[in-house]
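Below: the structure, in structure tokens.
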Amino acid sequence: MNGTGLWAPLEIRPGDVGAGSGAGGLAAYLDSVDLEALLVREKALVFRGFQVPQDGLDAVLERLLPHRIAYVHGNSPRTKVGSNLYTSTEYPAAYTISMHNELSYAHAWPARLVFYCAVAPASRGATPLVDGRLWLESLDDEVREAFAGGVCYTQNLHGGSGLGKSWQDTFETRDRDEVDAFLAGTGARWSWGPEDGLRVSQVRPSTARHPVTGDEVWFNQCDQWHPAALGDETAKALAQIMPVDELPQSVTFADGSPIPDAYVLQVRDRGLEHARDVDWHEGDVLLVDNMLVAHGRRPFTGPRRILVSMSD
């Protein structure tokens, strides 16, 4: 918490905790604290001023993420750059990425995320964070009640040529049997279509409760899957000329009824309104509890390069 009583991520600097700089200094500090308790209490931790070099990042990740996992079934454009280490997103720099919890639309999601600043942007480019409980409480009663039954996400994944991501990139495999085996354990409905395309639908809750704190948090990505909330003009145009259920991704209420535009716009805007920005300096590391805190991205200029890794 900050002095005004509003939530903010905790910043930890070497001088504040008597630690050395670099990957070794941060690793030694992490070995000396109860990281699990600290993260649950603070929800997000910014390790600022340690100036961790990228070639020392693995030593830090070993401590922050007990079991790094792959970004399987992810819908964001990313490039894998190491052992379950990815670019944070490749969405165009001019656009805001609204608040979301990673893989909240999936049957399983990472418990923790680590963001690492390899190259700081020339300007702007913060990673905004929002307290999921505050986000839920900020919504009008009408909106919260409408979402009580959950939502249904639909993906249309092409087989190598088309709009959006391919199923090969999404599931990190070219073996259809592997995809079938993965989806069989998720509760999703799926079918293979013409030209090696794949359609996946899954009903998920709109909120979740944290297993340790018991906090109920807003935990879905309705605004990012709904045409009304898309910030990309090209995506908006596609939504106007294509049936909604043929878009690369779309969302409805769990019973299949449409979600009003005003509802998803409120969700998007309230999340961004209550967010706290984490500005980046090269070598910074950010650890977040992926249920308690949602994240996004501000527009930026320059060659911003933020890497992300995840743990269950």
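Some points to look at:
- Shape category assigned to segment 143-285 from the gyration tensor of Cα positions, a/c cut at 1.5: rounded
- Highest-first arrangement of 9-20, 129-140, where packing means the average Cβ count within 10 Å: 129-140, 9-20
- Selected from 25, 164, 82 as most flexible by GNM, with the chain as the system and alpha-carbon contacts under 10 Å: 82
- Within the listed set 206, 83, 250, the Gaussian network model of the chain (springs between alpha-carbon atoms below 10 Å) gives the highest mean-square fluctuation for 83.
- Using just its DSSP H runs of length 4 or more, each adding -39500 (n - 2.57), the chain gives a mean residue ellipticity at 222 nm of -7000 deg cm²/dmol after division by all residues.
- Only one of [x] 20.2; [y] 21.0; [z] 23.0 was calculated from the structure for Kirkwood radius over Cα pairs in Å, and its label is [x].
- Cα gyration tensor shape of segment 82-213, rounded if a/c is under 1.5, else prolate or oblate by comparing a/b with b/c: oblate
- Among the trypsin sites (Lys or Arg not before Pro) in segment 151-240, those located in a DSSP loop and surrounded by at most 15 other Cβ atoms within 10 Å of their own Cβ are 174.
- Legend: calculated FRET efficiency, residue 201 to residue 137, from the Cβ-Cβ distance at R0 = 22 Å, rounded to 0.05, equals 0.15.
- Gyration tensor verdict on segment 185-226 (Cα atoms; rounded if a/c is under 1.5, prolate if a/b is larger than b/c, oblate otherwise): prolate
Only the coordinates and a few stated rules stand behind these numbers; no lab work does. None of the values given here were measured: they were computed from a predicted structure. Note that we place each Cβ from the backbone using ideal geometry, even for glycine, and neighbour counts take in every protein chain shown.
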